[in-house]
Structures are given as structure tokens and as C-alpha cells.
Amino acid sequence: MAEMTALERCRARLGPADELAIRLLLRVSPAQRLRTMMELQDILLDGLRYRLRQAHPDLSDYQICLLMFQRLKQNG
């Protein structure tokens with residue numbers, strides 16, 4: 001069996017909702033795409049910080065930050 005190309009692997013992982021999101025993002029300017037990406041990143045990090053704070057109320061903000069970096073490093 002032939003090895004899949006990067007494009008084929010990407011297409012195999014994407015669902016219809018992902019393809020629609022990509023098509024919509026291609027319609028906006030690069031600056032708006034970057035703003036959207038940064039906003040989504042903020043939402044993701046805030047959610048992670050909240051969950052970690054709930055699980056570890058005894059940790060300092062600094063320790064929560066370190067734990068966030070560890071989790072992000074583990075999960076890519």
C-alpha cells in the first residue's frame with residue numbers, strides 16, 4: 001500500500017465541519033484570520049486555566065501557569 005501524502009492525511013482527519021470552517025476562513029483577510037486564531041487561543045487557554053484552578057485550588061498563579069505549560073507540552 002502506498003504511503004499517504006501530507007494532504008491526504010490531512011483530508012482523512014478533517015470532517016465536513018472542518019472543511020466548512022476552512023472555506024469560511026479563506027474568505028476573510030489574513031489579519032482577520034490571525035485575530036480569530038488569537039481569540040480562539042485565548043478561549044482555549046482560559047478554559048484550561050479554569051479547569052486547572054478548579055482541580056488545584058491550592059496552587060499559586062505561577063504554579064498554575066507552569067502546570068498549563070506542562071499540559072500543553074504533553075498534548076502538543
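The values are calculated or read from the model by the stated rules, or taken from the named source; none is laboratory data. The shown structure was predicted, so the numbers you read here are calculated from the model rather than taken from an experiment. Cβ sites come from the backbone with ideal geometry, for glycine too, and all protein chains shown count toward neighbours.
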Segment 13-68: number of residues that are modelled with pLDDT under 90 and among the small types (Gly, Ala, Ser) = 3
ask   = Quick one: is Ile64 of a type in the set (Val, Ile, Thr), in contact with a helix residue (DSSP H, G or I) (Cβ under 6 Å, 6 or more places away or on another chain) and at negative phi?
value = yes
ask   = Are there any pairs, at least 6 apart or on different chains, whose C-beta atoms fall under 8 Å, with the first in segment 22-43 and of a type in the set (A, V, I, L, M, F, W, C) and the second surrounded by 10 or more Cβ atoms within 10 Å (Cβ to Cβ), and if so, which?
value = Ile22/Leu14; Leu25/Arg33; Leu25/Thr36; Val28/Thr36
key: Residue satisfying all of: in segment 53-70; loosely packed, with under 12 Cβ neighbours inside 10 Å and charged (D, E, K, R); farthest from the chain's Cα centre (by Cα) among these   = Asp58
